[in-house]
Each structure stands twice: as C-alpha cells, then as structure tokens.
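Step one of this worksheet: look at the structure below.
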Amino acid sequence: MAESATPLRTAMKTIIEPFRIKSVEPIRMTTRAEREAAVAKAGFNLFGLASRDVVIDLLTDSGTGAMSSEQWAAIMRGDESYAGAPSFARFEAAVRETTGLPHVIPTHQGRAAEHLLFPAVAQPGQIVPNNTHFDTTRANIELAGAIARDLPCAASRDMQSLAPFKGDVDLSALERCLDEHRGDVPLVMVTITNNAGGGQPVSLANLRGVRALCDRFEVPLFLDACRFAETAYLVQQRERGERGRTIAAIARSMFDLADGCTMSAKKDGLANIGGFVACRDSELADELRTRLVVTEGFPTYGGLAGRDLDAIAQGLREVVEQDYQEYRHASIRYVVERLADRGVPVLLPAGGHAIFLDAERFLPHLGWREYPGQALAIELYVSGGLRACEIGSVMLGRIDAKTGEELRASHELVRLAIPRRTYTQSHMDYVIEVVEEVWNRRGAIPGVRIVEAPRVLRHFRARFARLPAAKAGTKPASAKKAKKPAAGRAKGRA
Ligand code: F0G
C-alpha cells in the first residue's frame, strides 16, 4: 500500500485532528430549562432557533466549516476588480486542476449552478435521471418544466446493508429509462456522495457503467460534485484496486468520465460560500456565461467576491489531503460505530459527511403521522443542545394533488451533519452521550403534530406541537441490535 494511503498515519489509536487551533469561537452553554423554552418559542422547529441557543450545530455541513490559515491568507490576496481579477485566474486554475474540465463558471452556491444549468439544457417534459436528486436539484429541474427521476441501487433502501457503495445508480433502471425516453433526456446526473440517499458513495465502476450507457444513448453525464473528495476517499478505501492511488487522482478519474459538473464549494470547497458549473462543451459554456451575467454577475466573479474565489481555490487543494480525509472519516465512523454498538439504529455503513439515525426504529411507538424524526430531533436539542435535521415525512412528505391526502416519505431519518474542521473529537464524544441519553428514555418520547405549515418546503418554517407524552413506563418495542460494521475497512480506528 502506498504510504499516502495508510490510515491515520501516526499509527496510534486516538483520533486526532490534523490541525492546531489558531482562533476560537465560544460555545454558549445552556441549561435544559433554557432549551425547553427556546424550542417551544421556535414552534418546535429547530430552523427557528437562534444559533446562540445551540451547543453543537449539526444542522448542515454546508458553509459551516472552518477555513485554514492558508485560506485566510488567500482571502487577503483577493482582488476585487469587476473584470479580469487574478483571483478568478487562480480559481479557474484550481477547478481545472481538480476536474480537468476546461470551462469554469463561478456561481454564488450550488443551487445557483443548478439554476443556471437546467433551464439552459432541459426542455419541459424531459427526464433527468440521478441516483438521488438533492432537493434543490429537483426543484431547479422542475422549475425548468422537466422531470427529476431518482434511480438509486437496491442496496440504498436497506439501512443495515453494509454494501460499500450504496450511492450507486441502478444501471438496469437507467438503461430502461434512457431507452424509454430516447431523445428526451438532456443529461444524466450522478450525485457524489448521494446526500439525500444517506451520504453514501458511488463507485468508480458504477460511474463507468453510467458513462457507457450515456455513450450508447448519446446523452451527456454531469456530476453533482459537492462532496467529490469524500467520495474519492471512500473509493480509495473500499474499491478494489484503488488503495494505492491518491484522493486527487481518484477524483480526477471520476471527473474524466463526466462532461461537466455542478458544485457547491460550501462542502468540499472548504469555503463558507461559492459554487460553479464546469463543462467540456464550449457552446454550452458560452450559453451559461450569457445567462450568468443576468443573474449572478460577470463571468470572472459570478456572484462571489474575489476573496471568496481565492478561498475556494485554496480549499479545493486542501480537501484532497490524505490526513484531512482520514481524520474526517475516522471521526464520523467513531460515532456511528459507538452508537451501533449500543443498539442505536443508525444508518450503516458510515458515510462521508453525516450520521443518520433511523427515527422509525428509534421511536417504534410513534406512527409516521406523529413525525418520529421531528420528535427525535427535538429531544436531541432539549437533551444536550444538538441541532440536527429531520429528513423524513416533514421534509419529504407530499400532498397528493388529486386526493389532497398526505403521503409519507420512504424513511424517517435524523441527520447529524458534521461541519468540516469545526468540532473536535471530544465534541463527538459529547454527541454520543446526548444520543445515548435520549435512547435510554425513548419509550416516553412524545410525537408531534403540525400546527401550521407553508405550502412548499414546509420543514423550514412549519410550527409543531408536542402530543401528550407516551404513558410512563411504556416499554419501547425492543429495537433490534444493529449489525456491527464488518471488520476491516469499516472499522472505527486504524
Ligand atoms: N447538491 C447536493 C448534493 C447538496 O447536498 C446541496 C446542498 C446542493 C446540491 C445545493 O448546494 O446549498 O450550495 O446551494 N446541501 C446542503 C445540505 C444545503 O445541508 O445538505 P447549495
């Protein structure tokens, strides 16, 4: 094995952050009574909390990471000229170096890249397949009048399967889709990693399969590349023959299979804001630049300050560092394995950016209309000030257009997304302790009902009320002890 790919290269057991801390931001410690009051005031919706009332904020890993000293230095180098700033040249060079894609169009974040791309390529009624569309991707496709279709592999539906690449596309379903809709698929998208599908990676082999189908049906392939480096790390660790290669080389192999990508630099750009579209087709790039000027800005800044472009250029180089990815994944695996060991129902295997709790099995006494994910997220906050995000029937439930009936989501999950380089290993121990405290009193946790909700994207602004508490002494249905991750690659420590 190449030295660069050796896990945790100090060879000690303790997971340590591969950085020193130069600047700190205080966390305000709160009491349980304060948190009870804050969450009630927020209508039991954690999006309504002030961040100063949160102890550990795991709402998202997007734009919430810490920048390195080199990124702060890059911020000072930022050139704020309207046109032709060297900051853009540095940004463009870094994106080209990472992706090999020649045309680079900056946007203010990932959804702006989607908003630029889809109206330019998709006609009303056309189909855009993906492993699983993230909600903004779906929304931008639908806004262009097209249809977003999710084609995840079968293993993605099994929360306990230890299959290494549960983010893969179902290739036979994609083949059928491309065959059925010949001429009506403007592009195929693959999301690396599959966020909405539980933060699971996509293998290089699967991407090659997608590419072959795209070639056969003459359809371009685009990556939703938000977490490309985390995927590349998991490919290095889990895919046969990839162990000796660097993360950068594996990422490049993925981009080499694609005709273009959209990117949120708030994830693997290690920046607080930013994104881009990159592609090989110069005509498409021209069209996108024309549209860019109307909504985002001149093609050499695209809705960003020069200093943001410089921070992203530096971030793209740091994110593929082996030590950084080793630590990030070790830290997430550590939490997942400790929780699984205690029988807490957690999505396996550990993914690259978050820990997903299965609220349906955590709170089996609640039906889906009692929104177990929301109920669990509220308890995690009240218990220890954790702010997590429900990804279940509150976020993804739909109202049937014909009957007006509410339809449930396929899973009731709670996502604990880990901001990059922001929290330490002791914060992770604290997270485990809080989840355990809630687990130990799960039988008495009440469900919630929706009091009011906006028409679209209701999870952001809905207000809830707690239902009467479950009867004291109610025993939780025995939750099956979660399977332990297999030895070897899924191990928490090197
Ligand atoms: N694609 C994926 C896979 C994402 O996870 C996100 C954002 C986007 C696109 C949009 O990027 O936020 O820069 O506009 N995901 C965040 C999250 C918000 O919490 O998962 P953006």
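Each value in this text was obtained by applying a stated rule to the coordinates, not by laboratory testing. From a predicted model like this one, the values you see are computed outputs, not experimental measurements. Glycine gets a Cβ as well: all are built from the backbone with ideal geometry, and neighbour counts include every protein chain shown.
Miscellaneous remarks
- Using the alpha carbons alone, the radius of gyration of the chain stands to its Kirkwood radius in an Rg to Rh ratio of 0.95.
- Gyration tensor (alpha-carbon) shape descriptor, segment 69-318, a/c threshold 1.5: oblate
- Close amide-amide hydrogen proximity is noted between ILE56 and LEU386, ARG387, each under 5 Å apart and 5 or more residues distant or on a separate chain (H modeled in the peptide plane; Pro and chain starts excluded).
- Net lengthening on full extension, ARG455/LEU143 (0.36 nm per residue, minus Cα-Cα): 110.7 nm
- Each part gets one Cα centre, and for segment 394-408 versus segment 305-327 those centres are 40 Å apart.
- Projected label distance in nm at ARG398 and ASN440, using a 7 Å step from Cα toward the beta-carbon: 4.2
- The chain, relative contact order [Cα under 8 Å, separation at least 6], %: 22
- Amide H contacts under 5 Å for ALA148: VAL128, restricted to partners 5 or more places along the chain or on a different chain, H placed in the peptide plane at 1.01 Å from N.
- Here the gap between ALA212 and GLU321, fully extended at 0.36 nm per residue and compared with their Cα-Cα distance, gives a gain of 36.2 nm.
- Residues ILE127, ILE445, sorted so that the one with the fewest Cβ neighbours within 10 Å comes first: ILE127, ILE445
- The overall shape of segment 270-359, judged from the alpha-carbon gyration tensor, is prolate: a/c is not under 1.5, and a/b is greater than b/c.
- Rounded to the nearest 500, the 222 nm mean residue ellipticity of the chain from helices alone is -11500 deg cm²/dmol, with -39,500 (n - 2.57) taken per DSSP H run of at least 4 residues.
- Sparse-neighbour loop sites [GluC sites (Glu not before Pro); segment 175-256; at most 15 other C-beta within 10 Å; DSSP]: GLU218
- For segment 1-143, convex hull of alpha carbons as volume per residue, Å³: 256
- For segment 244-302: rounded, prolate or oblate by the Cα gyration tensor [a/c cutoff 1.5]: oblate
- Between ARG463 and ASP184, residue separation times 0.36 nm minus the direct Cα-Cα distance comes to 96.4 nm.
- Distance between the modelled labels on LYS41 and ALA249, one decimal in nanometres: 5.5 nm (7 Å Cα→Cβ projection).
- Cβ-Cβ FRET estimate between GLU283 and ASP256, R0 fixed at 25 Å, reported to 0.05: 0.75
- Selection of trypsin sites (Lys or Arg not before Pro), segment 211-304, meeting DSSP coil and at most 16 other Cβ within 10 Å: ARG240, ARG243, ARG280
- A simple spin-label model places the labels of ARG369 and ARG52 4.1 nm from each other, with each point 7 Å out along Cα-to-Cβ.
- Taking 30 Å as the limit for the C-alpha separation, the pairs LYS166/LYS266; LYS22/LYS266; LYS166/LYS267; LYS22/LYS267; LYS22/LYS166 exceed it in the case of LYS22/LYS166.
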